[in-house]
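Below is one structure; the comments refer to it alone.
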């Protein structure tokens, strides 16, 4: 088991990634709301967050979340470690300073008169790049650090002015430091507010959970691939617009993790809907498909209910419609068969009704939510409760099967 120090470092690292993901998503939404889709965002590529918006507009962002009361002094490790990252990238020509803006967003306080104080966003009255550079040089000279991260940071900073191309001043001209940056809780609250704006307060949490799930998986995919493809504006627009459509008044979300679910049919052999299919001689492959639809519908409906996405009485109304549509066909079958009928004829007609459920019956719970497994799986849920059936004598047959188990 890891010691306390290792656990703390692992937790801090994980927390840092969550902060990056949340902030990157927030940036994507803000970019999307601007109406211009000619942008892309990457996480942990050239920096914590990297944004491209048109030719010659590249932004690299470093995020630092610190406890309340922490100050970013001229010898702050957060400041110098960030400078090292940018200095090494500039020296190695991994970034073109003339085309790149460098942002350090920190929750720490910035003391007045410090180097970071003189590097606020462009246009600020007290921005003074020369003064900031002077203070950094003085702090570097005054430091007695021989261990820890600072010596390597100083070395990278010194190397900027080695050779015939001094880069310390050009680097200062590209840096913008913002204090009072919202922390992860504030960012998530902002995301919740934007989600409420997109789909309403009642559905906001469910909407945001799906958007975050897609975005985080997409970013992990980008991070795991060398030179991974960033999230593009057009891709984000397509995803967000589709998700909004799923949360309209006339629709409900169909979740990919549920629509891709499979289930071992052997674990459902004792369920009534499976027994119902066995009564009419449905083959094993179609029973397997029926179990799949049952599991998907049951899980999706449970998630809708758990997230309060369904209106009062909506499931009951939907099931009544399914039962009514089934009842007319079941009654017609009983009339067609008459009193004198063989078992094989009963099964044949019963399979015809089940074929209607399997291949034709498509009754969306809402007009914009027409995924077939919802209808088919809901019928299997009703069959499991013996509210519908396929064999003309399904109720009596299944009750008879259950009697021995009840009397044991």
Report task. Using Cα centres only, tell me the gap between the stretch 167-198 and the stretch 97-154 in whole Å. Result -> 18 Å
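What full-extension length gain, to one decimal in nm, is calculated for residue 221 and residue 96 as 0.36 nm per residue of separation minus the Cα-Cα distance? Numbers along the way, then the final one.
Values: separation 125, 0.36 × 125 = 45.00 nm, distance 2.65 nm.
Full extension from residue 221 to residue 96 adds 42.3 nm.
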Query - Shape metrics for the stretch 257-407, restricted to C-alpha atoms - Rg then Dmax, Å - result: 15.8, 51
Report summary line: If one builds a Gaussian network model of the chain from Cα atoms under 10 Å apart, the most fluctuating residue listed among 383, 108, 142 is 142
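For the chain, what is the calculated [θ] at 222 nm in deg cm²/dmol (nearest 500), taking -39500 (n - 2.57) for each run of four or more DSSP H residues and dividing by its residue count? Display every interim value, and only then the final one.
On the way: 15 runs with 233 residues, N = 408.
Computed ellipticity for the chain at 222 nm equals -19000 deg cm²/dmol.
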Report task. Pop a pseudo-label 7 angstrom from the Cα along the beta-carbon direction at both residue 328 and residue 30 and give the gap in nm to one decimal. Result -> 5.6 nm
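When 197, 273 are ordered from fewest to most other Cβ atoms inside 10 Å of their Cβ, what list results?
Numbers: 197 12, 273 25.
By the 10 Å Cβ count, ascending: 197, 273.
Could you work out the Rg to Rh ratio of the stretch 11-238, with Rh taken as the Kirkwood radius (inverse of the mean 1/r over all Cα pairs)?
On the way: Rg = 18.5 Å, Rh = 18.8 Å.
When Rh is taken as the Kirkwood radius, the ratio is 0.99.
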**Report entry** Inter-part distance where the stretch 310-327 and the stretch 231-269 are each reduced to a Cα centre, Å
**Finding:** 23 Å
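With an 8 Å cut-off on Cα pairs and a minimum separation of 6 or more residues, tell me the relative contact order of the stretch 66-190 in percent. Display every interim value, and only then the final one.
Working: 160 pairs, mean separation 47.6, N = 125.
Relative contact order for the stretch 66-190 comes out at 38 percent.
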Query - Angle between the chain longest axis and helix 184-199 axis [Cα atoms, degrees, rounded to 10] - result: 50 degrees
Report summary line: Rounded to two decimals, the Debye log10 I(q)/I(0) of the chain (Cα scatterers, no solvent) at q = 0.06, 0.13 Å⁻¹ is -0.43, -1.09
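Go through 160-166, 16-22 and give me the packing order, highest mean Cβ count within 10 Å leading. Don't skip to the answer; put the middle values down first.
On the way: 160-166: 11.1, 16-22: 18.9.
Highest mean packing first, the order is 16-22, 160-166.
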Requested in this report: Any chance you could check the Cα centroid distance between the stretch 20-54 and the stretch 64-94 for me, in angstrom?
Outcome: 21 Å
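At a Förster radius of 60 Å, what calculated FRET efficiency corresponds to the Cβ-Cβ distance of residue 152 and residue 286, to the nearest 0.05? Kindly include the intermediate steps, with their values, before the conclusion.
Numbers: r = 66 Å, r/R0 = 1.10.
Between residue 152 and residue 286 the formula returns 0.35.
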Query raised in the report: For the pair residue 263 and residue 302, how long in nm is the line joining their label points, each one 7 Å along Cα→Cβ?
Result: 0.9 nm
Report task. Quote to one decimal, in nm, the extra length available between residue 37 and residue 145 on full extension: 0.36 nm per residue of separation minus the C-alpha distance between them. Result -> 34.2 nm
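Which FRET efficiency value, to the nearest 0.05, is calculated for residue 189 and residue 335 with the Förster distance at 51 angstrom and r the Cβ-Cβ distance? All intermediate terms of the calculation are to be shown ahead of the outcome.
Numbers: r = 62 Å, r/R0 = 1.21.
Efficiency computed from Cβ-Cβ geometry: 0.25.
Quick check on packing: order 370-377, 337-344, 148-155 by the mean number of other C-beta atoms within 10 Å, highest mean leading. Present the calculation step by step, with values, prior to reporting the outcome.
Working: 370-377: 19.9, 337-344: 9.6, 148-155: 15.2.
The packing order, highest mean first, is 370-377, 148-155, 337-344.
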Query raised in the report: Once both labels are modelled 7 Å past Cα along the beta-carbon direction, what's the residue 162-residue 244 spacing in nm?
Result: 5.2 nm
Report summary line: Given a Förster distance of 56 Å, the FRET efficiency implied by the Cβ-Cβ spacing of residue 127 and residue 209, rounded to the nearest 0.05, works out to 0.85
Report summary line: Nearest 10, in degrees from 0 to 90: the angle of helix 233-246 to the longest Cα principal axis of the chain is 40 degrees
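Just so you know, all these numbers are worked out from the coordinates, no wet-lab data involved. What you see is a predicted model; the values in this text were computed from it and never measured. Note that each Cβ is placed from the backbone with ideal geometry, even for glycine, and that neighbours are counted across all protein chains shown.
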